[in-house]
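K.L.:
Take this structure, written in structure tokens, and hold onto it; I'll ask about it next.
The values are calculated or read from the model by the stated rules, or taken from the named source; none is laboratory data. Please read these numbers as outputs of a predicted model, since none were measured by experiment. Here the Cβ is made from the backbone with ideal geometry for all residues, glycine too, and neighbour counts use every protein chain on show.
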Amino acid sequence: MGRLDGRTALVTGGARGIGAAIARTFAGEGASVTIADVLQEEGQALAADLGTRVRYQHLDVTSPDDWTAALADTEGSYGPVSLLVNNAGIVDFGTIEEQSPQSFRRVIDVNLYGAWLGIHTLAPALRRAHGGAVINISSTAGLMGYANLGAYVASKWGLRGLTKTAALELAADGVRVCSIHPGPISTPMTADMDDSMTAAQPIPRWGTPDEVAAMALFLATGATYSTGSEFVIDGGATTGSMILTETDTEHG
Ligand SMILES: NC(=O)c1ccc[n+]([C@@H]2O[C@H](COP(=O)([O-])OP(=O)(O)OC[C@H]3O[C@@H](n4cnc5c(N)ncnc54)[C@H](O)[C@@H]3O)[C@@H](O)[C@H]2O)c1
């Protein structure tokens, strides 16, 4: 018996990377899953691989019409949606001076507005399904600043704040809303980044999409006393990096 038997989930950005691992994990625990993405080929291939209770649907998270269709089609295929994973995201690098207004707005649109639109559209369905959960994939960039990532950082802090408001608004109908804050995870998004960013972590390696998916499964199932909360999965990256030597302590 799976821990998500009888449940229906919609996972944005589910065609690859972290979203694909969450779709695979949820399906493996018995959920029916809509992989909602703009990458049709990868999304359809993954859905075919995961079996008959997994479907691909084109969804640009910035399109209200796409969200309406995704909800109707998912419920038409599988019944009430009780799990929403807002995972779709993009990154664009540049200092605040360098980044173009268009680039800034695009990152905010996908990472923050897209998640808001998802909750906005699915909230009535999630309330009806009672016992539902929304899982927002933020980042350690939603807990601290990173140079050259202003739009991304702003979007991920925004998503963290949106999580808390949604948790307050949906609690009365038994819907829990939490954010996950991954550190460096090996996915296509980070394929060009080197190991220097993980070297100083207490756990000095890249995380895997499956490790994030395990956290998402916990939030969908076991985390029955958590809402509005942040769940960090970063190899200890945000724990702090100062190493005090004897000389340092002598000088305070
Ligand atoms: N990889 C990391 O180190 C890391 C760390 C912290 C947070 N995250 C977050 O995790 C999430 C997944 O990232 P990933 O590393 O798997 O990246 P990825 O690039 O491998 O996957 C992102 C997915 O989002 C989809 N997507 C992009 N724009 C979309 C849109 N407008 N509508 C629908 N789908 C869209 C892409 O097609 C892709 O399938 C993102 O929100 C990212 O910000 C990733």
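K.L.:
Please verify whether L122 is buried (at least 23 other Cβ atoms within 10 Å of the Cβ), outside any loop (DSSP other than H, G, I, E, B) and more than 13 Å from the chain's Cα centre (by Cα), treating the condition exactly as stated. Break it down into steps so the answer makes sense when it comes.
P.N.:
Values: buried (at least 23 other Cβ atoms within 10 Å of the Cβ): yes; outside any loop (DSSP other than H, G, I, E, B): yes; more than 13 Å from the chain's Cα centre (by Cα): yes.
Criteria met by L122.
K.L.:
Mind checking whether some residue in the stretch 109-116 is modelled with pLDDT of 95 or more, surrounded by fewer than 16 Cβ atoms within 10 Å (Cβ to Cβ) and of a type in the set (F, W, Y)?
P.N.:
The answer is no; no qualifying residue exists.
K.L.:
Name the pairs whose Cβ atoms lie under 8 Å apart, with the first residue in the stretch 146-165 and at positive phi, the second outside any helix (DSSP H, G or I) and surrounded by fewer than 23 Cβ atoms within 10 Å (Cβ to Cβ), and 6 or more positions between them or separate chains?
P.N.:
N148/F93; N148/G94; N148/T95
K.L.:
Which number in (1) within 13 Å of the ligand (Cβ to nearest atom); (2) surrounded by 14 or more Cβ atoms within 10 Å (Cβ to Cβ) marks the one condition that D192 misses?
P.N.:
The failed condition is (2).
K.L.:
Next up: Residues that are touching a residue at least 40 places away in the same chain (Cβ under 8 Å), closer than 27 Å to G142 by Cβ and within 12 Å of the ligand (Cβ to nearest atom): which helices (runs of 4 or more DSSP H) entirely in the stretch 1-103 hold 1 or more of them? Explain how you work it out, then say what you get.
P.N.:
Values: elements: 17-28, 40-50, 64-78.
Output list reads 17-28, 64-78.
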